[in-house]
Amino acid sequence: TLPKIAWIGLGIMGSPMSENLIKAGYDVTGFTLEQDKLDRLAAAGGTAAKSIAEAVKDADVVVTMVPASPQVEAIAYGPDGILENAKSGALIVDMSSITPQTSVDLAKNAKEKGIRVIDAPVSGGEAGAIEAVLSIMVGGEQADFDEAKPLLEALGKTIVLCGPHGSGQTVKAANQLIVAVNIQACAEAVVFLEKSGVDLTAALDVLNGGLAGSTVLTRKKDNFLNRDFKPGFRIDLHHKDMGIVTDAARNVGASLPVGAVVAQLVASLRAQGDGGLDHSALLRSVERLSGE
Ligand code: NAD
């Protein structure tokens, strides 16, 4: 029989992902801060819990998908939290993007309660979550990865164990570096093309067929063309991720000169009140720098 699932964090990603588990036949009990998201889970065939404690008490697997390290720590360590209330032997699958060190510490603290943890952050965005084609980068023990794999296969397409606890987060940090720099490069190209009077749709189509083509250019094309910056992936979250990768790189002595510049551009968008927009809004920053 399938493991019983608790799902904490039903946001842009957590809602469609948990619904994919329900569609795959899993029994999912969820908790999140917004009532409308709990109603949505119940409508999809899951069970809405009134607290984390209630959601996790009978669960075999506890999936977490919340914004950042402070939220993961709150839901894990609080009196109402996972470590106090989950069964011994339960497996936590943390899919949030957080600092690698938080994942390492969580695995260590959970072990004292007989609870196992893997870090399993994802890439692929809201569309990847809805279509269950996420890339899932895992850190932890081989046996726990093997146990979680069937469940992860209901959520994603490329599922890889990258190394010990925290390794999934390190790979995700690299992912966020590549995505931010790629969006910035595409945004600069878009502004340059428009100012040059070239037909943008034609230009992006042909660019996508060559070495400049990318998932970013494909997935964000309409955002760029229509100046539609509804998230998606919020600038606030990418700001958090640029902090994670900058910090982790400093710790190991890796130099990220271009990443550091793009991190500043993300921070500047946020400072200008655009933190709630999709990260494709880096285009706005290029427009401002170009006098528009
Ligand atoms: P979101 O803000 O839409 O959702 C976060 C959810 O966490 C909310 O529903 C909130 O209620 C819940 N939450 C926060 N604190 C909680 C608490 N104490 N108890 C219970 N629930 C709590 O964020 P999102 O876009 O779904 O992102 C979630 C994570 O996934 C982040 O770490 C993000 O970096 C990562 N991620 C996002 C995307 C994307 O495209 N949106 C893609 C890949 C990875």
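The values are calculated or read from the model by the stated rules, or taken from the named source; none is laboratory data. Predicted model, so just to flag it, every value in this text is computed and none were measured. Cβ: placed from backbone, ideal geometry, glycine included. Neighbour counts: every protein chain shown.
Here's the yes/no breakdown for (1) crowded, with 24+ Cβ neighbours inside 10 Å; (2) at pLDDT below 95; (3) more than 27 Å from Ser280 (Cβ to Cβ); (4) within 11 Å of the ligand (Cβ to nearest atom):
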residue: Lys113; (1), (2), (3), (4): no, no, yes, no
residue: Gly128; (1), (2), (3), (4): no, no, no, yes
residue: Ala132; (1), (2), (3), (4): no, no, no, no
residue: Met137; (1), (2), (3), (4): yes, no, no, yes
residue: Glu141; (1), (2), (3), (4): no, no, yes, no
residue: Asp146; (1), (2), (3), (4): no, no, yes, no
residue: Lys149; (1), (2), (3), (4): no, no, yes, no
residue: Ala154; (1), (2), (3), (4): no, no, yes, no
residue: Thr158; (1), (2), (3), (4): no, no, no, no
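Every residue, every condition in (1) within 25 Å of Asn20 (Cα to Cα); (2) β-branched (Val, Ile, Thr); (3) without any contact (Cβ under 8 Å) to a residue 12 or more places away in the chain, yes or no:
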site	(1), (2), (3)
Gly114	no, no, no
Ala129	yes, no, no
Leu134	yes, no, no
Val171	yes, yes, no
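Can you find even one residue in region 226-242 that is crowded, with 19+ Cβ neighbours inside 10 Å, at positive phi and outside the structural domain of Gly11 (by TED's automatic domain parsing)?
Checked against the condition, which is being crowded, with 19+ Cβ neighbours inside 10 Å, at positive phi and outside the structural domain of Gly11 (by TED's automatic domain parsing), region 226-242 yields at least one hit.
Does Asp58 satisfy the criteria of being under 28 Å from Asp236 (Cβ atoms) and surrounded by fewer than 18 Cβ atoms within 10 Å (Cβ to Cβ)?
No: the conditions fail for Asp58.
Could you figure out which of (1) free of Cβ contacts under 8 Å to residues at least 40 places away in the same chain; (2) near the ligand (Cβ under 9 Å from one of its atoms) isn't true of Thr47?
(2)
Answer with yes or no whether Ala281 is in contact with a Phe, Trp or Tyr (Cβ under 7 Å, 6 or more places away or on another chain), hydrophobic (A, V, I, L, M, F, W, C) and assigned to a helix (DSSP H, G or I). I'd like the intermediate steps shown before the answer.
On the way: in contact with a Phe, Trp or Tyr (Cβ under 7 Å, 6 or more places away or on another chain): yes; hydrophobic (A, V, I, L, M, F, W, C): yes; assigned to a helix (DSSP H, G or I): yes.
Yes: the conditions hold for Ala281.
Taking only pairs six or more apart or across chains, which ones have beta-carbon atoms under 9 Å, a first residue in region 240-255 that is over 20 Å from His279 (Cβ atoms), and a second residue that is aliphatic (A, V, I, L, M) and in a helix (DSSP H, G or I)?
Sorted first by the residue in region 240-255, then by its partner, the pairs are Ala254/Ala248; Ser255/Ala249.
Yes/no matrix, rows are residues, columns are (1) under 18 Å from the mean Cα position of the chain (by Cα); (2) buried (at least 16 other Cβ atoms within 10 Å of the Cβ):
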| residue | (1), (2) |
| --- | --- |
| Thr1 | no, no |
| Glu19 | yes, yes |
| Ile22 | no, yes |
| Gly25 | no, no |
| Glu34 | no, no |
| Leu38 | no, yes |
| Ala43 | no, no |
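Regarding Asn251, is this residue more than 12 Å from the ligand (Cβ to nearest atom), in a helix (DSSP H, G or I), on the phi < 0 side of the Ramachandran plot and more than 22 Å from the chain's Cα centre (by Cα)?
Values: more than 12 Å from the ligand (Cβ to nearest atom): yes; in a helix (DSSP H, G or I): yes; on the phi < 0 side of the Ramachandran plot: yes; more than 22 Å from the chain's Cα centre (by Cα): yes.
Yes, satisfied.
Pick out the one residue from Leu204, Leu217 that is in contact with a Lys or Arg (Cβ under 7 Å, 6 or more places away or on another chain), over 23 Å from Ala68 (Cα atoms) and without any contact (Cβ under 8 Å) to a residue 60 or more places away in the chain. Spell out the reasoning first.
On the way: Leu217 fails: in contact with a Lys or Arg (Cβ under 7 Å, 6 or more places away or on another chain).
Among Leu204, Leu217, only Leu204 is in contact with a Lys or Arg (Cβ under 7 Å, 6 or more places away or on another chain), over 23 Å from Ala68 (Cα atoms) and without any contact (Cβ under 8 Å) to a residue 60 or more places away in the chain.
Mind listing whichever residues of region 70-99 are more than 9 Å from the ligand (Cβ to nearest atom) and within 22 Å of Thr170 (Cβ to Cβ)?
Glu73, Ala76, Leu91, Ile92, Val93, Asp94, Thr99
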